[in-house]
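*Asks:* Handing you a structure now.
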Amino acid sequence: MPKLKTKRAAAKRFKATGTGKLKRSKAYKSHILTKKTTKRKRKLRKAAITDPTNVKNMKKVLPYL
């Protein structure tokens, strides 16, 4: 069986935790920040765990993660 290629776009966006879960950064933090509250922007800083419904697909595009 041939080697599988990692989707580089996904590799840049997701990291694996020690327990094997996928960590991601949150969206809506790059521009148009003036209308967003300080509280909202602060909450967007923290990383989030990928939802279990998406993990199966993510493991497919990141075979060696």
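*Asks:* What's the extension gain from Met1 to Ala16 if we count 0.36 nm per residue and subtract their Cα-Cα distance?
*Replies:* Between Met1 and Ala16, full extension yields 2.9 nm more.
*Asks:* Could you give the length gained by full extension between Thr53 and Arg24, i.e. 0.36 nm per residue of separation minus their alpha carbon distance, to one decimal place?
*Replies:* Gain in length upon complete extension: 9.0 nm.
*Asks:* Accessible area per residue for the chain in Å², computed with a 1.4 Å probe and the full protein assembly in place, what is it?
*Replies:* Normalised by residue count, the accessible surface of the chain is 91 Å².
*Asks:* Could you check how much of the accessible area of the chain is carbon and sulfur, as a whole percent, using a 1.4 Å probe?
*Replies:* Values: 3320 of 5890 Å².
Summing carbon and sulfur atoms, their accessible area is 56 percent of the total for the chain.
*Asks:* Tell me the angle of helix 52-61 to the major Cα principal axis of the chain, expressed in degrees between 0 and 90 and rounded to the nearest ten.
*Replies:* 50
*Asks:* Let me ask something else. For region 3-45, what's the radius of gyration and Dmax over Cα atoms, in angstrom?
*Replies:* For region 3-45, the Cα-based Rg and Dmax read 14.6, 47 Å.
The values are calculated or read from the model by the stated rules, or taken from the named source; none is laboratory data. Just so it is clear, the model here is predicted, and its values are computed rather than measured. Ligands, DNA and RNA are excluded from the accessible area calculation, which covers all protein heavy atoms including side chains. Shrake-Rupley method; radii C 1.70, N 1.55, O 1.52, S 1.80 Å.
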